[in-house]
Structures are given as structure tokens and as C-alpha cells.
Amino acid sequence: MHDYLRLAYRSLKERKIRSLLTILGIFLAIITIFVLLSLSLGLKDFVDDQFEMLGGDKFFIQPKGSATGFGGEGAVELTLDDYEVVKKIQGVDKVTYFVLGNGKIEFNEKTRYYFVLGLPEDEKEAQLVFEASGIEIEDGRWLKGSDNNKILMGYNYGYRKLMGKKIKPGDNIEINGVEFEVAGIVSEVGNPGDDQQVYINLNDFRELFNSGDRVDMLWIEIKEGEDMAEVSGRVKKKLMSFRDVDEKTIDFSILTPDEIMETFGNIFNILIAFLLGIGAISMIVGGIGIANTMYTSVLERKKEIGTMKAVGARNEDILTIFVIESGILGLVGGGAGVIVGIGIAKGIEYGAKVVFGVDMLRASMNPWIIIGSLAFAFVVGVLSGFLPSYQASKLKPVDALRYE
């Protein structure tokens, strides 16, 4: 094996430029695969962390056909009456809710349009919204039930200069033309949607958006020891009866953690399959480059092959030498691609965090991605070089020595 490796290394060294160009094809392919997979799995890790923080004892109810529960005029709505019904169902421990509106936010002579989230009047129920999202106070204080014209601002307002300069507790801003005082800045969630949200009490929300008793999402926490499927089933049955709908006309959706994770899992599987398809195309191009290099190498080294066979080299010896050469091309290209890919993926993660304030775009450094990328590059190299190597091993010594 030492001799095989030495001969393969010597051959590649003698053809530096061609070897480097061949390696470049694999190198670019592995970078593509590694970066895309790393960021995709990092995003999946972020989602998993969010659901782990949320816990497995909560589920959600929203109007059917809505991704956020935020509907327009004439859309199906949940109401506070639905909230009161759900509170009384067996197995339900806590219930909270929120309403959403798209607000015109003015500060520092700048105008932006972002979501405004209305919180329940009950402080404990309002606090449950933040606890379920893992949100804490970063600066200032929480809203009180008795607060009027007071608001909480998302992390980006206080730390990302979303409105041109940093907003701090005590500042006054306008929402839909009404002035509010900032009570506090909440902690970072990691995605722009949540980090640029504004939170106000329900009474203020109703005046701003004329929402009445509308509820855009209900969050239910079940009692300890209760079964999620049983409680969510009871809630569904009771709410269908109260809203006078059946399975065909049901106008709300119940989302349990398992269902949400299954949906995200299916989306990620499709995404990863798509990314692997892109990477496979890149690897095919790189493999063609290796095969071309090995074919050329066989033609150039026919006399060398004939000499080795004349002094006793077997077919399997010739095959092994050439296969090792192609495998080294793949492995070196893969190794360089992984190293550079780590740098690119981490750079994207850092840029997303610092420039855009997005924490959900993470670079996963799962060892299996690294090992898999290297193994994949080596296998592609070996397979690409096998046919030329096999043809080289079948050359007859006399024919090889006569080749010009």
C-alpha cells in the first residue's frame, strides 16, 4: 500500500496543473453541498430549539386557512367567546390569546409598517404569551393590566436602530397616529418577524384597530399528566359544537406540537432533497473532470504501465494505483471544500446575525455532515476513475510498450 500511495502521489505531482483543475471541480461541488446542508440543518436546529423551549404541553387554535390567525375583513374569526368556552374544558390548565394588526409606526421622522400584537387584559395570561415564546424584558418593565398608551418594543427597535436610532424606555412613538410611551424593550427571539413586533394592551389595540372581540390565536396549556391528543380532541369537539360546525364546515384549526413538527419535518426533508439534487449535479460535473483526467493519464502512461507489467505487476496492482489516484483527487477536493465551506457557512451565520439580526440562520457543524462530505467526495473520485483504471489494468504489456 505504501508503494501504491507513493506512485499515485508521484503521478499527481508530475501533473500539478491538471490535478489542481480536476480537484477544483470536486472542491466547488463539496462547498455547494456542505454550505447548503449546514445552513438547512442549522435552521432545523433553530426550529427544534424553539419547540423545545415552548414545551410539549401547549397547542394552538387559529382560524382555518390562516398561517398566523391574522385575517382581513370578512375572514373567519375566533372571538373571546371561544376563549371562554375553551377555558372551561376538562384537562385545560391555562389559556391565553393575542390579536394582530399591521400598524403604522412613526419615530425619529421615520415611518415603518410592522405587526402590533395585542395582549390579554389579565397580566398572567399576557405573561404566558411571552413565556411560551421565551421572551424576557431586556430593558425597562413589563406592561401592566392598568397601563394605557404604554407599549413594549421588540429587540430590534432597541438594539438594531430599526427606526434610525435606538429606542429606549421612556421614548414616545406613534402608532396609527396615536402617541405611546415605551415601557420596555424585550429580549431577542432570533427572527425579524418577532424582533420587530410591538406589544400593547388589548384595550389600546381595540381603539387602534377597531378589532372588537376578535382573537387571532388561542394558546392552550394542558394540565400535568393529561394526554395532549385527548385534551385537544375534547377542545375540538366542544368548539365545533359551540360554533355550530361539523367536519366538513369546520372553520378553525388545532395545531399540536407533534403536528407542527411533522409539517416542518416534511418541509425540511423536501428542502434537503432539493439541495442534495443541486449538489449531485455539481458532483457529476466534478466526477466527469476526474474521469477525463484519469483517461488522459492512462494514455500518457501506457509505456509506464507496460514496464510495470513486464516486471511482474498484476492487473489488480495497476487497477489499485489508478483508483487510489482518482480517490486522492476526490478526497483532497472534498477536504478543501469542507474547510472552505465551514468558513463560508460561519460567515453567512455571522453576517445574518450582525447585519440583519437574524439568529435563525445557523451553520450546523454536525460531524456527520463533515464525514459524509469527505466520504462522498472520495467515493465519487473512486467511481469516476474506476473505468479508466480498469482499462489501464487490462492493457497488454507488448501493446503498452509499443504505444507512442
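Taking only the stretch 254-308 into account, find how many residues are touching a helix residue (DSSP H, G or I) at 6+ places or on another chain (Cβ under 7 Å), exposed (fewer than 15 other Cβ atoms within 10 Å of the Cβ) and among the charged types (D, E, K, R).
Total meeting the criteria: 1.
With respect to Lys168, is the statement that it is surrounded by fewer than 18 Cβ atoms within 10 Å (Cβ to Cβ) and touching a helix residue (DSSP H, G or I) at 6+ places or on another chain (Cβ under 7 Å) true?
Answer is yes for this residue.
Please state which one of Phe46, Phe34 is in the same structural domain as Ile267 (by TED's automatic domain parsing), at pLDDT below 80 and either surrounded by fewer than 20 Cβ atoms within 10 Å (Cβ to Cβ) or within 32 Å of the chain's Cα centre (by Cα) (or both).
On the way: Phe34 fails: at pLDDT below 80.
After ruling out the rest, the residue left standing is Phe46.
Does Ala363 satisfy being more than 17 Å from Leu37 (Cα to Cα), not β-branched (Val, Ile, Thr) and not in a helix (DSSP H, G or I)? It would help to see each step written out before you state the result.
On the way: more than 17 Å from Leu37 (Cα to Cα): no; not β-branched (Val, Ile, Thr): yes; not in a helix (DSSP H, G or I): yes.
Here the answer is no, as Ala363 does not meet what is asked.
If you take the residues of the stretch 351-365 that are modelled with pLDDT of 85 or more and surrounded by fewer than 21 Cβ atoms within 10 Å (Cβ to Cβ), which of them is nearest to Thr320 (Cα to Cα)? Please lay out each step first, then the result.
First pass over the stretch 351-365, keeping only residues modelled with pLDDT of 85 or more: 363-365.
Adding the requirement that they be surrounded by fewer than 21 Cβ atoms within 10 Å (Cβ to Cβ) leaves 364-365.
Working: Ser364: 36, Met365: 34 Å.
Here the answer is Met365.
Go through the stretch 145-161 and report how many residues are within 23 Å of Pro120 (Cα to Cα) and touching a residue at least 24 places away in the same chain (Cβ under 8 Å). Full working, then the answer.
Narrowing the stretch 145-161 to residues within 23 Å of Pro120 (Cα to Cα): 145-155, 157.
Restricting the remaining residues to those that are touching a residue at least 24 places away in the same chain (Cβ under 8 Å) gives 145, 147-155, 157.
So the count comes out to 11.
Taking only pairs six or more apart or across chains, which ones have beta-carbon atoms under 6 Å, a first residue in the stretch 122-133 that is assigned by TED's automatic domain parsing to the domain that holds Glu221 and within 15 Å of Ile200 (Cβ to Cβ), and a second residue that is of a type outside the set (Val, Ile, Thr) and not in a helix (DSSP H, G or I)?
Glu123/Gly145; Ala126/Leu119; Ala126/Pro120; Val129/Phe98
Within the stretch 85-188, considering only strands (runs of 3 or more DSSP E) that don't extend past its boundaries, which have at least 3 residues that are within 30 Å of Lys223 (Cα to Cα) and touching a Leu at 6+ places or on another chain (Cβ under 8 Å)?
Working: elements: 92-107, 110-119, 137-140, 150-153, 172-175, 178-186.
Correct list: 92-107, 110-119.
What are the residue pairs meeting all of these: first residue in the stretch 162-180, first residue within 17 Å of Gly118 (Cβ to Cβ), second residue part of a loop (DSSP other than H, G, I, E, B) and among the aliphatic types (A, V, I, L, M), Cβ atoms under 9 Å, and 6 or more apart or on different chains?
Ile173/Met163; Ile173/Ile167
Run down Val198, Val182 and say which single residue is surrounded by 15 or more Cβ atoms within 10 Å (Cβ to Cβ) and either farther than 19 Å from Ile135 by Cβ or under 26 Å from the mean Cα position of the chain (by Cα) (or both).
Details: Val182 fails: either farther than 19 Å from Ile135 by Cβ or under 26 Å from the mean Cα position of the chain (by Cα) (or both).
Residue meeting the stated conditions: Val198.
The values are calculated or read from the model by the stated rules, or taken from the named source; none is laboratory data. Nothing here was measured: the structure is a model prediction, and the numbers come from that model. Every residue, glycine among them, receives a Cβ derived from its backbone with ideal geometry; neighbour counts consider all protein chains shown.
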